[in-house]
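**Q** Please read through the structure below; I'll follow up with questions.
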Amino acid sequence: MQPFTLPEFYVPYPARLSPHLDIARDHSRVWARAMEMIDPPEGELAIWTEQDLDAHDYALLCAYTHPDATAERLNLITDWYVWVFFFDDHFLELFKRTHDMSGARAYLDRLPAFMPVDGLITEEPTNPVERGLADLWTRTVPDRSPAWRARFVDSTRALLDESLWELANINADRLSNPIEYIEMRRKVGGAPWSANLVEHAADAEVPAAVAASRPLQVLRDTFADAVHLRNDLFSYEREVTEEGELSNGVLVVERFLDLETQEAANAVNDLLTSRLHQFEHTALTEVPAVLDESGIDAAGRLATFAYVKGLQDWQSGGHEWHLRSSRYMNQDANPDLLANGLPQTPPGLPGLPGLGTSAAQIVPSLLATTPQRLRRHANVPFRVVGPTRLPTFSMPFGTGQSPHLDASRREIVRWAAAIGMLDPIPGIWDEHKLIAFDFALCSAGIHPDASAAELDLTTGWLTWGTYGDDLYPVIFGRTGDLAGAKLYNERLRAFMPLDGPPTAVPMDALERGLADLWARTAGPMRPGERATFRRAVEVMIDSWLWELANQANNRIPDPVDYIEMRRATFGSDLTMALCRIAQGPAIPPEVFQARPMRSLENAAADYSCLLNDVFSYQKEIQFEGEIHNCVLVIENFLDCSRERAVQIVADLMNARIAQFQHIVAEELPTLYDQLELDEDAREALRGYVLELQHWLAGILRWHQGTHRYEEAELRYHPAVGRRPFGTPTGIGTATTDVRGLVAR
């Protein structure tokens, strides 16, 4: 008996089948035998039989996911998929089942030698995975640009290396939290790797100028999440009940939300649908805009659109293959598709050559998911919600308090008045509100050992970021002037020169404040630090544009997109960059690129972002008409009560702080050894971790001490002193979305 009934999937595009399927089937069988993946020599470990390979039918997968590829290109793509699935099963037998972590590291350390970005392969392969990779790399890279090769190497290495994360969780019997799972599944699951192969199959490379932009990154991420969540639904029975696997989204949701398996499967399917809706929104609205802004020529635009179409083909084709492969739980979904244990090729619908049964499901699929799509745009702004009952927050860390707190409180009022933040026009703040916000209290907790000048600088950045996030909705949100907001962002960049003085004269408080803070902060920095810090500020101000666009469309964000963008709107990169720089040059730059360190920072950022969303719910929903709040996002996604959503957000916070502790205790010491860090670097990293702990505890202390979220303060407006309770104060009035660096 199956553990659950497969839900009704959102499949908006018909699956089409390549006419070269039979050729690819014959070729992949011959190739797998040549690589010794089937019929290995006597004494070698047998992972697959020929019957296993036929039953899995990776040629059918590729014929569905790349229906327009040439026969030669389809053969190559199919070989890549035979290789990656063989690797997965090979790694399972050799290392996951035996819990052999050291052997797994040695095995994975050899594989990069078989995919050099430049030059020839010099290592001699010793097993089927190495032989297959060497052959595939040699056959693929001559047709691709250096930029594509670099991207493909990165995604392949991530796919291979992050298998250690799965193995470590199995060894520790540790189930990841939902946010961690989504992030890691993108790498372990291999869909970003598949996205690179979509470019190769279509012979259509995304222009390098836009490949790293937010729209193209969102396309890759939404594609990856949908592919992986779909696979988790089909593979739950095999992975969870037969293999003891912990990396399955249904299991993660089942345990985290304490749901029955069927309910968890339905929730995962809803998230899959949400990610596909996000893919469509990005492809239709953001991709054309970034192509225009980047001046991409006609050939580059055609290649990008061919890539988008290829990702759509992959989604529908992958779904059809999951319905047919013997690898997955699919008997109840379509029992007529299997005969004698082997997948059957569909005949096509009458009048629609090459289309499978999925074409008949498009209209029902669209109708079934319409309520979820409409609900995302159905928010009622400024509704009275009242105060939020705060849940229990886990905070295992403490912090001190700077002795310069009172002096910094006085100095920030003087500084803000001097640069014009408290002027009656545009009337965003007055002295009363700035004192009530008490940003110095936050900086005194997150940097308890700072000097007086350092504390003033941190308080200044917190104040500047929050003021800017208040200002944008008033100036640009009132009229929906996204173009004006983009131009203003370009002006702000002029006040953050990497060399020399600013290239513009500041015209208002936000520009004057940035010019002053940049000179005091970036002046003493080394060039690399200055560039990193500038990028951190840019990430924050560019995220304000994303908020303005959503607000203009009254569009509640997709849950995953919200979490990932919330780190940017919160200013996490900026304040963490200050913490990094405080540790000096002892920490090698590659440490901060390593997966454990990125996971540590993301866990800390998410805890603080979600904390703020709980505290600010009444302020944002009732007084500002906001949609960027995780409690609201969860309410909308799960169609649940505010109380239930608040508890889920609190559970996510507590899971992220537990993950933070796990990384510090288990993963960072291993990383130090892998990178062979000297004692100075290790001591500096321990200092950085302590800074992050202070950061977390200081932000919680500030939320508990500020007057920002009190009802009396929410009624106060600089221009008139008081407003009636519940009167809108958001976009189109005088003040709105207020997040900035540590607060909204």
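**Q** What spacing in nm lies between the two simple spin-label points modelled at residue 147 and residue 285, each 7 Å away from Cα in the Cβ direction?
**A** Each label point lies 7 Å from its Cα, and together they span 2.6 nm.
**Q** With r defined as the distance between the Cβ atoms of residue 644 and residue 378 and R0 fixed at 22 Å, what FRET efficiency is calculated, to the nearest 0.05?
**A** Computed FRET efficiency for residue 644 and residue 378 comes out at 0.75.
**Q** Also: Could you sort 614-622, 447-455, 60-68, 138-146 so that the peptide with the highest average Cβ count within 10 Å comes first and the rest follow in order?
**A** 60-68, 614-622, 447-455, 138-146
**Q** A further question on this structure: Would you kindly find the accessible area of residue 256, with a 1.4 Å probe and non-protein molecules such as ligands, DNA and RNA excluded, rounding to the nearest 10 Å²?
**A** Per-residue accessible area (residue 256): approximately 50 Å².
**Q** Heavy atoms only, probe 1.4 angstrom, no DNA, RNA or ligands counted: give me 313, 225 ranked by accessible area, highest first.
**A** These residues rank, largest area first, as 313, 225.
**Q** Additional query: Using a 1.4 Å probe over the heavy atoms of the protein chains, calculate the carbon and sulfur portion of the accessible area of the chain as a whole percent.
**A** 54 percent
**Q** Which FRET efficiency value, to the nearest 0.05, do you get for residue 554 and residue 71 by plugging their Cβ-Cβ distance into 1/(1 + (r/R0)^6) with R0 = 60 Å?
**A** Details: r = 49 Å, r/R0 = 0.81.
Efficiency, from the Cβ-Cβ distance: 0.80.
**Q** Per 0.36 nm of contour for each residue apart, how much would the distance between residue 242 and residue 666 grow if the chain were fully extended, relative to their Cα-Cα spacing? The partial results should precede the final answer.
**A** Details: separation 424, 0.36 × 424 = 152.64 nm, distance 2.78 nm.
Full extension of this stretch gives 149.9 nm more.
**Q** Give me the angle, in degrees from 0 to 90, between the Cα long axis of helix 261-281 and the longest principal axis of the Cα atoms of the chain, rounded to the nearest 10.
**A** Taking the Cα atoms of the chain, the angle to 261-281 is about 70 degrees.
**Q** Using Cα atoms only, what is the angle between the long axis of helix 178-189 and the major principal axis of the chain, expressed in degrees (0 to 90) to the nearest 10?
**A** Tilt relative to the chain: about 40 degrees.
**Q** Can you give the extra length, in nm with one decimal, that the chain gains between residue 498 and residue 390 once fully stretched, where that is 0.36 nm per residue apart less the Cα-Cα distance?
**A** Here the answer is 34.5 nm.
**Q** I've got another one for you. Would you rank 382, 223 by solvent-accessible area, highest first, keeping every protein chain in place and using a 1.4 Å probe?
**A** Numbers: 382 60, 223 0 Å².
Result of the area sort, largest leading: 382, 223.
**Q** Sticking with this one: Relative contact order, percent, of the stretch 188-318 when contacts are C-alpha pairs under 8 Å separated by at least 6 residues?
**A** Worked out over the stretch 188-318, it gives 39 percent.
**Q** If you fit an axis through the alpha-carbon atoms of helix 101-110 and take the longest principal axis of the Cα set of the chain, what angle between them do you get, 0 to 90°, nearest 10?
**A** 80 degrees
**Q** Students often check this: by mean Cβ neighbours within 10 Å, which of 638-648, 318-328 ranks highest, and how do the rest follow?
**A** 318-328, 638-648
**Q** Quick check on the chain: helices-only [θ] at 222 nm, where DSSP H runs of length 4 and up contribute -39,500 (n - 2.57) each and the sum goes over total residues. Nearest 500, please.
**A** The helix-only estimate for the chain comes to -19000 deg cm²/dmol at 222 nm.
**Q** Figure the gain on full extension for residue 100 and residue 418 (residue separation times 0.36 nm, minus the Cα-Cα span) and round it to one decimal in nm.
**A** Separation in residues times 0.36 nm, less the Cα-Cα distance, equals 108.2 nm.
**Q** If you average the sequence gap of Cα pairs under 8 Å that are 6 or more apart and divide by the length of the chain, what percent do you get for the contact order?
**A** This gives 15 percent for the chain.
**Q** Show me, for the stretch 590-596, the HN-Hα J-couplings you get by feeding each phi into the Karplus relation (A = 6.51, B = -1.76, C = 1.60, θ = phi - 60°), rounded to Hz, glycine and proline as x.
**A** Computed from phi, the couplings for the stretch 590-596 are 5, 4, 6, 8, 6, 4, x Hz.
**Q** What ranking, highest mean first, results for peptides 115-123, 653-661 when packing means the other Cβ atoms within 10 Å averaged over each residue? If you can, show how the numbers build up before the last one.
**A** Working: 115-123: 11.6, 653-661: 20.6.
Averaged packing, sorted descending, gives the order 653-661, 115-123.
**Q** Please state, to two decimals, what the Cα-based radius of gyration of the stretch 176-279 comes to when divided by 2.2 N^0.38 Å (N = residues).
**A** Details: Rg = 14.9 Å, N = 104, 2.2 N^0.38 = 12.8 Å.
Rg over 2.2 N^0.38 Å, computed on Cα atoms: 1.16.
**Q** Heavy-atom accessible area of residue 35 with all protein chains present, probe 1.4 Å, nearest 10 Å²?
**A** Ignoring ligands and nucleic acids, residue 35 comes out at about 20 Å².
**Q** Also, I was wondering about something else. Starting from the 7 Å offset along Cα-to-Cβ, what nm value, one decimal, do you get for the label separation of residue 711 and residue 122?
**A** 7.3 nm
**Q** Enter the accessible area per residue of the chain (Å², integer; probe 1.4 Å; all protein chains in place).
**A** 38 Å²
The values are calculated or read from the model by the stated rules, or taken from the named source; none is laboratory data. Predicted model, so just to flag it, every value in this text is computed and none were measured. Note that each Cβ is placed from the backbone with ideal geometry, even for glycine, and that neighbours are counted across all protein chains shown. The accessibility values were calculated without ligands, DNA or RNA, using every heavy atom of the protein model including side chains. Shrake-Rupley method; radii C 1.70, N 1.55, O 1.52, S 1.80 Å.
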